[in-house]
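Data first, discussion second: the structure below is written as C-alpha cells.
Derivation of every value follows stated rules applied to the coordinates shown; laboratory data play no part. Every value quoted in this text rests on a predicted model; they were computed, and no experiment measured them. Glycine also receives a Cβ, built like all others from the backbone with ideal geometry; neighbour counts cover every protein chain displayed.
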Amino acid sequence: MPRPAKPLDASDLRRAVQLLDDGEVLDRAETARLVRAVCAELAGRHPGGSIEVRVPPFAAVQLALDDAGRHRRGTPPNVVECSPEVMLRLAAGSLTWLDALATHQVRASGTRSDLAGVFPLIG
C-alpha cells in the first residue's frame, strides 16, 4: 500500500524550481517527494476519475475538472503525461500549460485533458 504524500510545501517547491532554473539536478528522493505532493494536491482539489495524470516514474493520479463522471475500467480516455521537472515547473507557475503543450513538454490526449485552469498550484 502506498504511503500518503506529505502536504505540498510552497517554499520547498519554489526552491526546487529555482534550482532547476539554475541548471541544477534535483536529488531523486526530493524530486519524488515533491512530485507526489503535487499530485496529491491535484487529486485533493479535483477529485474524480476522468483524467489520469502521469509523472513517471514517481506518480500517477486520477482527477476530474467537471461533472463528466468517473471512468470505471482501465485507463481513462483522458491522459496527461510529463516529466517530474515539468510537473514541478507547472505547479510553481514558472511554466504555463500552453507553453508546455507548445514545446511538447506535456503529452495530453482526450477531450478533457486540458489542465490550463489547474496550474499554478501556488501563488
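If you look at the Cα atoms of region 12-57, you get an Rg and a Dmax of 12.4, 36 Å. Dipole of region 10-109 computed with +1 at Lys/Arg Cβ and -1 at Asp/Glu Cβ about the Cα centre; of 103, 13, 56, farthest Cα towards the positive end is 56.
What's the angle, to the nearest 10 degrees (0 to 90), between helix 10-21's Cα axis and the longest principal axis of the chain? In the chain, helix 10-21 runs at an angle near 70 degrees to the longest axis.
Convex hull volume of the Cα atoms of the chain, normalised per residue: 107 Å³.
Ordering 96-105, 7-16 by mean Cβ neighbour count within 10 Å, with the highest value first, yields 7-16, 96-105. Each residue, residue 28 and residue 45, gets one label point 7 Å from its Cα in the Cβ direction; the gap between the two is 2.9 nm.
Take every Cα pair under 8 Å whose residues are at least 6 apart in sequence, average their separation, divide by the length of region 10-109, and the relative contact order is 26 percent. For the pair residue 107 and residue 10, label points projected 7 Å from Cα toward Cβ lie 3.4 nm apart. About its Cα centre, the dipole of the chain is roughly 560 debye, where the only charges are +1 on Lys and Arg Cβ and -1 on Asp and Glu Cβ.
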